[in-house]
Amino acid sequence: MQTLFITGGAGFIGSALIRLLIAESGWRIVNIDKLTYAGNLESLGAAGHDQRHIFSQTDICDRAALDALFAAHRPAGVIHMAAESHVDRSIHGPGDFIYTNITGTYTLLEAARAYWSCLNEPGRTSFRFHHISTDEVFGSLGPAGMFSEETAYDPRSPYSSSKAASDHLVRAWQHTYGLPTLVTNCSNNYGPFQFPEKLIPLMILNALAGKPLPIYGKGDNIRDWLHVDDHARALRLVFERGIPGATYCIGGCNECTNMEVVDTLCTLLDQQQPRADGKSYLTLKTFVADRPGHDRRYAIDAGKIARELGWTPRETFESGIGKTVAWYLANGEWIAHVQSGAYRQWVETNYGARQ
Ligand code: NAD
Ligand code: DAU
């Protein structure tokens, strides 16, 4: 049984990938996560208790801890998605983004390189360091065009700048040292277990609580939405079959304005859980000050991963968003634990001594 390191596996996308890999692959997974406010082991569900899932509460900036993990588990590769991920938080406090996204990626690259350089030839050749990045590194689009693997970097927020820096480091380690790396740049994800600071879960939970639905600016900024399980399937394909040194753009081909997203959520909630007062959730929509430096439009051309690896998303936005609203309505316990902060104690109860 081969071992795979996944960093950030207690986060939204990391937990989706681990659920997928435990269900559908033979990988033994070492989940390396610091458990910041965004890390929640409850999101792993049954996969978190599988014998092939080993959790280590570790900061990716801790070189000694990473070296010990590499020596103990001898992985065949790393999928790196630990990051500070929320743009608004990066505007209010960029420091954690520089620390984790840049210094953390550098520290992990160096630990991986030290381990990889001592492997035998077949081990060095088959090793993969897969870095998970974002379409935000490409900047902001006008009304036409799409981002692709050829698009020049033009990040504009502290978050996207820190992710761009980490992408450059990963490619430099491939070019300079020969570390076999892969980079994927994905569009906006949505789905179950997303921390309710991001647009879709925030709007669902605010609506259910009868709170205002804060729409930045005019609500006409555009994002390209992808269901998190489709992203997880793409990541598995790239990790297992991608060409070392290559970049793959991943997107849903589901462009929507923020207003369209909020209107869709309100309509689905009106159908699935009508308000007691008979009013529509649409009445909660509230325009608020715009995000500083708010990127106008993102859209991904996912043609390369479709042509070369045969990946296409299974969910349309229509199918995926309906299931997502139903999931939040059916998973009150997960939501209550996130809102009360109880999820932060869960690791003590369920994992006891840390590895
Ligand atoms: P998330 O915020 O839900 O999860 C991040 C995880 O990283 C958490 O579990 C957190 O505890 C962990 N972490 C943070 N700092 C750490 C550190 N110093 N050491 C170890 N662990 C640490 O993020 P997400 O939405 O799941 O995003 C995962 C990755 O995918 C990120 O790299 C992000 O940039 C990228 N991405 C996200 C999206 C999206 O729409 N959410 C889209 C494209 C790319
Ligand atoms: O494009 C990929 C990126 O998508 C990822 O790299 C990031 O990690 C992820 O957080 C996401 O970034 P965004 O800034 O696009 O996502 P967010 O959910 O924060 O916002 C989506 C859009 O909704 C954006 O245009 C801002 C707007 N918005 C957001 C919030 C939280 C609102 O209008 N109101 C809100 O309350």
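The values are calculated or read from the model by the stated rules, or taken from the named source; none is laboratory data. Because the structure is a prediction, the values reported are computed rather than measured. Positions of Cβ are generated from backbone atoms using ideal geometry, with glycine treated the same way; all protein chains shown enter the neighbour counts.
Count, please, the residues in region 52-90 that happen to be of a type outside the set (D, E, K, R), surrounded by fewer than 16 Cβ atoms within 10 Å (Cβ to Cβ) and within 20 Å of Arg291 (Cα to Cα). Total meeting the criteria: 0.
Scanning region 22-76 for residues that are more than 15 Å from ligand 1 (Cβ to nearest atom), more than 22 Å from Leu182 (Cβ to Cβ) and assigned to a loop (DSSP other than H, G, I, E, B) yields Asp50, Gln51, Arg52.
Residues are listed down the side, and each one gets a yes or a no for (1) more than 16 Å from ligand 1 (Cβ to nearest atom); (2) at pLDDT 95 or above; (3) in contact with a strand residue (DSSP E or B) (Cβ under 9 Å, 6 or more places away or on another chain):
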{"site": "Leu269", "(1), (2), (3)": "yes, yes, no"}
{"site": "Asp301", "(1), (2), (3)": "no, yes, yes"}
{"site": "Glu308", "(1), (2), (3)": "yes, yes, yes"}
{"site": "Arg314", "(1), (2), (3)": "yes, yes, yes"}
{"site": "Ser319", "(1), (2), (3)": "yes, yes, yes"}
{"site": "Lys323", "(1), (2), (3)": "yes, yes, yes"}
{"site": "Tyr343", "(1), (2), (3)": "no, no, no"}
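Put simply, of Asn120, Asn188, Asn206 the only residue that is within 15 Å of ligand 1 (Cβ to nearest atom) and modelled with pLDDT of 95 or more is Asn188.
Might you let me know whether region 288-295 holds any residue that is farther than 28 Å from Gly39 by Cα and in a loop (DSSP other than H, G, I, E, B)? Yes, that holds for at least one residue.
Results for (1) within 11 Å of ligand 2 (Cβ to nearest atom); (2) crowded, with 19+ Cβ neighbours inside 10 Å; (3) among the charged types (D, E, K, R), shown as yes or no for each residue.
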| position | (1), (2), (3) |
| --- | --- |
| Phe138 | yes, yes, no |
| Ala144 | no, no, no |
| Phe147 | yes, yes, no |
| Tyr159 | yes, yes, no |
| Arg171 | no, no, yes |
| Pro201 | yes, yes, no |
| Ile215 | yes, yes, no |
| Asp220 | yes, no, yes |
| Ala234 | no, yes, no |
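For region 8-28, name all the residues that are of a type in the set (Val, Ile, Thr) and either touching a Cys at 6+ places or on another chain (Cβ under 9 Å) or surrounded by 24 or more Cβ atoms within 10 Å (Cβ to Cβ) (or both). Residues satisfying the conditions are Ile13, Ile18. Specify the residue that is nearest to the chain's Cα centre (by Cα); the eligible residues are those in region 236-255 that are part of a helix (DSSP H, G or I) and crowded, with 16+ Cβ neighbours inside 10 Å. Across region 236-255, the extreme among qualifying residues is Arg236.
Would you mind stating whether Ala46 is surrounded by 16 or more Cβ atoms within 10 Å (Cβ to Cβ) and more than 18 Å from Met1 (Cβ to Cβ)? Criteria not met by Ala46. Scanning region 151-160 for residues that are part of a helix (DSSP H, G or I) and under 25 Å from Ala232 (Cβ atoms) returns Tyr159, Ser160. Given the structure, is Val325 among the hydrophobic types (A, V, I, L, M, F, W, C), buried (at least 16 other Cβ atoms within 10 Å of the Cβ) and within 18 Å of Ile200 (Cα to Cα)? Answer is yes for this residue. Looking at the structure I just gave you, is Ile98 surrounded by fewer than 18 Cβ atoms within 10 Å (Cβ to Cβ) and assigned to a helix (DSSP H, G or I)? Yes; evaluated as a whole, the condition is true for this residue. Within region 209-230, the residues that satisfy the criterion of being within 16 Å of ligand 1 (Cβ to nearest atom) and in contact with a Lys or Arg (Cβ under 9 Å, 6 or more places away or on another chain) are Asn221, Ile222, Arg223, Asp224, His227, Asp229, Asp230. On inspection, Leu269 fails the criterion of being of a type outside the set (Gly, Ala, Ser) and out of contact with any Phe, Trp or Tyr (no Cβ under 6 Å at 6 or more places or on another chain).
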